[in-house]
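The values are calculated or read from the model by the stated rules, or taken from the named source; none is laboratory data. Every value quoted in this text rests on a predicted model; they were computed, and no experiment measured them. Note: ideal-geometry Cβ built from the backbone for every residue, glycine included; neighbour counts use all protein chains shown.
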Amino acid sequence: MKRLTIDAGHGGEDPGAVSDKLREKDITLKIALYAEEFLRKNFEVLIKMTRSNDVFVSLNERARIANRFKSDLFVSIHVNAATNGTGFESYIYPETKQQTREFQKALHSEITTTINKYRNIKDRGLKTAHYLVLKKTSMPAVLTENLFIDLDGDLLSQESFLKEVGEAHGRGIAEFLQLPKI
């Protein structure tokens with residue numbers, strides 16, 4: 001059976017990006033839990049969450065969790081911040097294998113298609129970065145930046161939107177891993 005680690009970015013004393021009444025750590029946890037729920041209900045897969053509540057987990061520990069679990073994939077969920085930014089982007093580590101690039105494309109496509117049902121958003125692209133969780137994981141790993149907390153707060157505060165984005169993560173993962181349906 002395939003194994004997956006879902007990482008809800010930030011948590012505990014690390015709120016991540018903050019705007020008005022929204023905190024990145026809360027949004028990422030909701031998206032991650034919706035992705036987990038969708039996958040568990042519909043597919044045969046083993047899932048490890050780096051966190052399931054509002055606790056702090058170090059970046060190194062997040063990677064260790066995925067590596068110890070012997071995950072086939074790692075997904076780290078985030079929300080961007082900038083006073084003039086909007087859109088969706090995804091990241092992989094620069095020196096990565098083709099399989100990771102293919103996973104990034106599948107996940108990126110599924111999420112942007114879903115978000116565009118709510119609002120025509122800017123596709124900020126498939127990018128690379130030297131993020132620690134991408135570098136230290138030993139399996140294909142993608143970090144998603146789901147809109148901008150500053151300008152997209154109206155969407156990011158809607159539970160139905162967060163559920164759709166979580167399920168989009170789940171669909172992209174299931175498609176890439178070709179998970180058997182329950």
* Report, by residue number, each residue of the range 85-100 that is out of contact with any Ser or Thr (no Cβ under 8 Å at 6 or more places or on another chain), in contact (Cβ under 8 Å) with a residue 12 or more places away in the chain and more than 24 Å from residue 14 (Cβ to Cβ). => 97, 99, 100
* **Any hit, the range 79-90, residues being surrounded by 18 or more Cβ atoms within 10 Å (Cβ to Cβ) and on the phi > 0 side of the Ramachandran plot** => yes
* Considering the range 30-82 alone, what residues qualify as being within 19 Å of residue 10 (Cα to Cα) and in a loop (DSSP other than H, G, I, E, B)? -> 50, 51, 52, 53, 54, 55, 56, 57, 58, 81, 82
* Asked: Which of the residues spanning the range 83-120 are assigned to a loop (DSSP other than H, G, I, E, B) and in contact with a Phe, Trp or Tyr (Cβ under 8 Å, 6 or more places away or on another chain)?
  -> 85, 86, 87, 93, 118
* Search result, residues across the range 1-55 that are more than 22 Å from residue 159 (Cβ to Cβ), of a type in the set (A, V, I, L, M, F, W, C) and either without any contact (Cβ under 8 Å) to a residue 40 or more places away in the chain or in contact with an Asp or Glu (Cβ under 8 Å, 6 or more places away or on another chain) (or both) -> 1, 4
* Do any residues in the range 159-182 that are more than 9 Å from residue 107 (Cα to Cα) have Cβ atoms under 6 Å from those of residues that are crowded, with 19+ Cβ neighbours inside 10 Å and polar (S, T, N, Q), where the two are at least six apart or on different chains, and which pairs are they? -> 164/114; 165/146
* Residues in the range 130-152: is at least one under 13 Å from residue 108 (Cβ atoms), among the hydrophobic types (A, V, I, L, M, F, W, C), in contact (Cβ under 8 Å) with a residue 24 or more places away in the chain and surrounded by fewer than 17 Cβ atoms within 10 Å (Cβ to Cβ)? -> no
* Asked: Looking at residue 88, is it within 13 Å of residue 170 (Cα to Cα), aromatic (Phe, Trp, Tyr) and either touching a helix residue (DSSP H, G or I) at 6+ places or on another chain (Cβ under 9 Å) or modelled with pLDDT of 95 or more (or both)?
  -> no
* **Filter result (assigned to a strand (DSSP E or B), closer than 18 Å to residue 103 by Cβ and among the charged types (D, E, K, R)) within the range 1-19** => 3, 7
* Within the range 121-182, which helices (runs of 4 or more DSSP H) (wholly inside it) include 2 or more residues that are within 19 Å of residue 44 (Cα to Cα) and aliphatic (A, V, I, L, M)? -> 159-177
* If you take the residues in the range 106-127 that are at pLDDT 95 or above and either surrounded by fewer than 16 Cβ atoms within 10 Å (Cβ to Cβ) or among the acidic types (Asp, Glu) (or both), which one is farthest from residue 10 (Cα to Cα)? -> 117
